[in-house]
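Just so it is clear, none of the values below were taken in a lab; they were calculated from the coordinates. Since the structure is predicted, the reported quantities are computational estimates derived from the model, not experimental observations. Here the Cβ positions follow ideal geometry from the backbone for every residue, glycine too, while neighbour counts run over all protein chains shown.
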């Protein structure tokens, strides 16, 4: 098994839950307190040991790339005005990571988006995360998965117990052997009906994936809407005899992928970061 260097972040979605705000502005560029969602995601990946970010984007998402490019004119103005904190924040976003961009030409599902990164990642295990949730945990959720991978040396998924009908919103994992919070997964199903779910363990948007996932995704048939789902690819991986584990992570994932969740997360983190007075002023 190779060394983990990459973190793949699928960021090619249409952002339909935030329309019309996301007609031009990618949803990953929506601010959470003082920086965009995508910057929070990259910080979590770097804390998990990622050395190279692979952002899978679509046409029209060029603002994501622009955010991480140098802005010499802006830096010059901030420096001239003595705005040291703002200048440091701008430079941080430009220097925080080595980023590669991969184009997903058509919206063919999360599994397809991950497959688009195959040529960059190569024959190595890699981190993968969806920026629709922010880690609120210490250590961050992705770092917890990375530590679990160090022990099992095979694919690890983030798991969370959910109640009632909630399981129909997620992929669902069937497990056998357990080592505390770490469970060996024997089956996965994408968004099962509550009465058909084999457990209450939902698959959340954090993964450490073996390079075998790429071949599995190539062999996974498209489902509803012609999309290839990552959960279905993981099922194919299991069918090929590869070990898959799931970790019930500690801490929380805060929703920024829906309007209600994004608003709630902004208010909560503003209070926790001591930015609530500024937020109240901004909101009038």
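Note on the chain: GNM, Cα springs under 10 Å; of 261, 13, 212, the largest mean-square fluctuation is that of 261. What's the long-distance tail for region 134-284, i.e. % of Cα pairs beyond 27 Å? The proportion of pairs with Cα distances above 27 Å equals 30 percent. Would you mind checking the tilt of helix 259-272 against the longest principal axis of the Cα atoms of the chain, expressed as 0 to 90 degrees and rounded to 10? The angle comes out near 60 degrees. Relative to the dominant Cα principal axis of the chain, helix 37-47 is inclined by about 70°. Computed from the Cβ-Cβ distance with R0 of 22 Å, the FRET efficiency linking residue 161 to residue 120 stands at 0.05. When averaged across all projection directions, what area in nm² does the alpha-carbon convex hull of region 1-136 cover? Here the figure is 9.2 nm², rounded to one decimal.
Rounded to the nearest 0.05, what FRET efficiency is calculated for residue 47 and residue 224 with R0 set to 25 Å and r the Cβ-Cβ distance? Efficiency for this residue pair is about 0.10. Note on the chain: GNM, Cα springs under 10 Å; of 252, 272, 43, the largest mean-square fluctuation is that of 272.
Mean projected area of the Cα convex hull of region 134-205, taken over all directions, amounts to 5.0 nm². Residues 172, 116, arranged from fewest to most other Cβ atoms within 10 angstrom of their Cβ, appear as 116, 172. Put the Cα centre of region 89-135 next to the Cα centre of region 1-76 and the gap is 8 Å. Helical content alone sets the calculated 222 nm signal of the chain at -10000 deg cm²/dmol, taking -39,500 (n - 2.57) per DSSP H segment of four or more residues and averaging over every residue.
Hey, how much of the P(r) for region 6-276 falls beyond 24 Å, as a percent of Cα pairs? So the pairs more than 24 Å apart make up 50 percent of the total in region 6-276.
For region 6-276, DSSP calls about 60 percent of its internal beta bridges antiparallel. Shape descriptor for region 93-167: Rg over Rh equals 0.99 (Cα atoms; Rh from the Kirkwood inverse mean 1/r).
The fewest-to-most ranking of 93, 178, 135 by surrounding Cβ atoms within 10 Å reads 178, 93, 135. Given region 97-218, report the % of alpha carbon pairs whose separation exceeds 17 Å. Counting every Cα pair in region 97-218, those more than 17 Å apart make up 62 percent. Listing 232, 95 from fewest to most neighbouring C-beta atoms within 10 Å gives 95, 232.
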